[in-house]
1. Looking only at region 43-60, filter to residues that are modelled with pLDDT under 85 and assigned to a helix (DSSP H, G or I); which one of those is surrounded by the fewest Cβ atoms within 10 Å (Cβ to Cβ)?
2. Could you check, for region 123-135, whether at least one of its residues is surrounded by 10 or more Cβ atoms within 10 Å (Cβ to Cβ), among the β-branched types (Val, Ile, Thr) and touching a helix residue (DSSP H, G or I) at 6+ places or on another chain (Cβ under 6 Å)?
3. Please work out which residue is surrounded by the most Cβ atoms within 10 Å (Cβ to Cβ), limiting yourself to region 154-189 and to residues that are at pLDDT 80 or above and touching a Phe, Trp or Tyr at 6+ places or on another chain (Cβ under 8 Å).
4. If you go through region 111-120 one residue at a time, do you hit one that is open to solvent by 50 Å² or more (accessible area, probe 1.4 Å) and closer than 22 Å to residue 41 by Cβ?
5. Scan region 50-60 and give yes if some residue there is under 19 Å from residue 142 (Cα atoms) and hydrophobic (A, V, I, L, M, F, W, C), otherwise no.
6. Which of the helices (runs of 4 or more DSSP H) contained wholly in region 75-194 include at least 2 residues that are in contact with a Leu (Cβ under 6 Å, 6 or more places away or on another chain), of a type outside the set (Asp, Glu) and more than 23 Å from residue 22 (Cβ to Cβ)?
Amino acid sequence: MTSIATTTIVYHVQPFFVVLIGVVFLKERISPDQILWMLGAFLGVVLASGLVVTHGHADAKWALGIALTLGAALLYAVATILAKGLGQQRAEITVLCQTLVGVVLLAPFADIGHPIPPASWGWLAGIGLLHTGIAYVLMNSAFPRLTTPVIGILTFIYPVVAIIIDWAMYGHPLGPAQAAGMALIALATLGVRLGWRFPMRRVSAA
């Protein structure tokens, strides 16, 4: 319903949802510097995705695609906060519950009778074991140990990894804007993780 670049950018309002939910419901504090670093990372996503203005194609179908993306971002943010609150629960159990619920909810939409080529089973196993299994267990293990601003800023690393893999495995060249966006995301990640403050903030505080 909309372009991949647009979807990537809209979906990455998700870290802001995570931080907002953490501030409102978990009473976590976020500094103005952290907010500025997150905005910088979001700008990095805009540059890295190669977004092009839609030139008047923003029709009802496009708007529905944006709404669905925002809904997905909000739901994933809620899932992140819930996983953060399950600090005493083993991550494997959390992921098992998530996948079982997903099986039940998505079963009516699955074309189970459609044949799967033998060559596809290896890719499906990789997605299931690596991305859904190991990756989700690692993420759910990390969430309780991190503050919501750190979780939010680390989320911006996703598009950087995707772009690097796209370049390394499929030979898609990186343009100057994409390289600048990746550098900005990396800088913002370090800024939040290491507690860097902006010079104007230090002057005003003094």
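1. Restricting to residues being modelled with pLDDT under 85 and assigned to a helix (DSSP H, G or I), the top hit is 60.
2. There is no residue in region 123-135 that is surrounded by 10 or more Cβ atoms within 10 Å (Cβ to Cβ), among the β-branched types (Val, Ile, Thr) and touching a helix residue (DSSP H, G or I) at 6+ places or on another chain (Cβ under 6 Å).
3. Out of the qualifying residues, it is 185.
4. no
5. No, the conditions are met nowhere in region 50-60.
6. Of the helices (runs of 4 or more DSSP H) lying wholly inside region 75-194, those with at least 2 residues that are in contact with a Leu (Cβ under 6 Å, 6 or more places away or on another chain), of a type outside the set (Asp, Glu) and more than 23 Å from residue 22 (Cβ to Cβ) span 176-194.
The values are calculated or read from the model by the stated rules, or taken from the named source; none is laboratory data. In this text the structure is predicted, and so the values were computed from the model without any measurement. So basically every Cβ, Gly included, is an ideal-geometry build from the backbone, and we count neighbours across all protein chains shown. Note: areas computed on protein heavy atoms with side chains; ligands, DNA, RNA excluded. Shrake-Rupley method; radii C 1.70, N 1.55, O 1.52, S 1.80 Å.
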